[in-house]
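Quick note: the coordinates plus some simple rules give every number you see, no bench work behind them. Quantities reported herein were computed from a predicted structural model and do not represent experimental measurements. Every residue, glycine among them, receives a Cβ derived from its backbone with ideal geometry; neighbour counts consider all protein chains shown.
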Amino acid sequence: MRTTKIGGGSQFTVYDDTGVGRYLNFPSAVMKCANVELGDELVAGGDANRDQKVLDTLQRELVALTHPGLRQHANISRLLLYDLITSSSGKSIPTLVVERATFGSLYDFLERGEHTITAKDRADICNDVTAGLSAIHKAGIVHGDVKADNILIFESPEPDKQFLAKISDFGSIITVDDAKEMEKRGGQVRYNGTKSTNAPETVNQSGRDAIKAEMLVRCDTYSLGLVYLHVLAGRWERDWEGKDDRVLELAIDVVKSSDLLQEVYPQFCEVVGMLLQYDPIKRCADLTTVLEALTPNQMSDNNVAIRYARGRLGNP
Ligand SMILES: Nc1ncnc2c1ncn2[C@@H]1O[C@H](COP(=O)(O)OP(=O)(O)O)[C@@H](O)[C@H]1O
Ligand SMILES: [Mg+2]
């Protein structure tokens with residue numbers, strides 16, 4: 001078996017594995033190994049606090065990846081296997097095996113610019129990510145760190161579609177029921193995420209500014225709005241990191257200068273207007289509204305935005 005490190009941070013290391021996928025009847029897989037070694041005393045050596053954090057993160061990944069409403073969803077990264085693998089020192093390393101994304105993360109896919117991405121592809125990717133996040137919210141889960149690094153790009157199995165986007169990295173999820181329970185007991189749940197891609201209300205979350213459990217999904221929807229800008233512009237702009245209401249004005253400019261056809265500007269302007277509201281009360285809480293705005297007249301299998309983009313390519 002040949003393994004190459006392809007990503008990861010302090011809690012996990014991600015390896016591209018050319019062997020495991022074959023055994024599981026998948027073309028290829030990646031192994032996401034927890035940076036922790038379990039021995040006879042549960043966690044062997046090291047910093048017990050840090051190790052516990054890694055195991056908590058792993059548990060959150062498993063809650064989302066095995067959720068009945070998510071594990072088969074087309075726009076959610078698929079868990080193939082969970083196992084303890086043995087390290088060279090005989091300790092156990094908890095490992096998730098997930099299907100490998102052909103084009104890697106959406107961040108790398110956009111920034112590397114190695115592939116021609118058409119207007120239809122951009123609309124498809126926005127639609128896919130919204131559908132995945134909507135399913136996560138319907139499952140009573142807040143993703144907690146929506147950004148291009150946590151979205152994976154696959155080859156689409158559908159003939160009229162080039163790419164398929166799936167949401168991944170469930171290490172920061174918050175279960176809404178748990179957050180409500182915590183709130184009842186006088187506690188507070190923090191939305192950690194990533195500073196640059198987080199919603200404005202995450203900046204100060206202490207005391208009276210704590211984010212209410214029922215408002216947490218709106219942090220995800222703001223970050224989704226920024227993913228739209230990243231996809232439509234094809235690159236990340238530091239100006240979008242400003243936590244003020246100018247971001248929405250910039251967003252409208254991004255839509256208008258994107259390569260989407262003018263006919264779909266209204267839909268995309270409407271959608272970024274729902275997602276990137278500075279005030280979480282005014283922001284979209286239910287992503288079905290966004291999916292409906294992108295597919296007027298219930299044309300669910302033939303997104304108007306996509307249809308226009310396709311028409312522009314001379315592709316009926
Ligand atoms: N299934 C996958 N296929 C291809 N690349 C992946 C896959 N999973 C993760 N990666 C790569 O590894 C990086 C880190 O993975 P992620 O699950 O986000 O872990 P972390 O918790 O370290 O952020 C991703 O941004 C991506 O570049
Ligand atoms: Mg990540």
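Quick notes on this one:
- J(HN,Hα) series, segment 209-226, from Karplus relation 6.51 cos²θ - 1.76 cosθ + 1.60, nearest Hz, glycine and proline x: 8, 4, 7, 5, 3, 6, 9, 4, 4, 5, 5, 4, 5, 5, 4, 4, x, 5
- Computed label-point distance, nm, for sites SER92 and LYS138 using a 7 Å Cα→Cβ extension: 3.5
- Filtered GluC sites (Glu not before Pro), segment 84-153: DSSP coil and at most 11 other beta carbons within 10 Å: GLU114
- Extending 7 Å from the Cα toward the beta-carbon at both ASN204 and GLU263 defines two label points whose distance is 4.8 nm.
- Estimated at 0.36 nm per residue, the fully extended path between ASP160 and SER196 surpasses their Cα-Cα distance by 9.5 nm.
- Segment 77-233 - percent relative contact order, Cα under 8 Å, separation 6 or more: 22
- Computed over the chain, the per-residue total of -39500 (n - 2.57) for DSSP H runs of n ≥ 4 gives a 222 nm mean residue ellipticity of -11500 deg cm²/dmol, rounded to 500.
- Shape summary of segment 4-99, radius of gyration then Dmax from alpha carbon positions: 13.8, 40 Å.
- From phi via Karplus (6.51, -1.76, 1.60), per-residue ³J(HN,Hα) for segment 240-247 in Hz, x at Gly/Pro: 6, 7, x, 8, 8, 6, 6, 4
- Coil-residue GluC sites (Glu not before Pro) of segment 162-267, DSSP, other Cβ within 10 Å capped at 11: none
- Compared with the direct C-alpha span, the chain from ILE281 to LYS5 gains 95.1 nm at full extension, assuming 0.36 nm per residue.
- Candidates GLN72, GLN52, GLN277, ranked by Gaussian network fluctuation over the chain, Cα under 10 Å, top entry: GLN52
- Loop-resident trypsin sites (Lys or Arg not before Pro) (DSSP state other than H, G, I, E or B) in segment 67-96 with no more than 15 further Cβ atoms inside 10 Å of their Cβ: ARG71.
- Sorting the segments 223-229, 115-121 by their residues' average number of neighbouring beta-carbon atoms within 10 angstrom, most packed first, yields 223-229, 115-121.
- Antiparallel bridges, percent of DSSP beta bridges restricted to the chain (to nearest 5): 95
- Kirkwood radius for the chain, taken over all pairs of different Cα atoms as the inverse mean of 1/r, rounds to 20.5 Å.
- One decimal place: the segment ASP56-GLU111 gains 16.7 nm when fully extended, by the rule 0.36 nm per residue minus the C-alpha distance.
- Per-residue Karplus couplings for segment 67-74, computed as 6.51 cos²θ - 1.76 cosθ + 1.60 with θ equal to phi - 60°, are listed in order as 5, x, x, 10, 5, 10, 5, 4 Hz, Gly and Pro entered as x.
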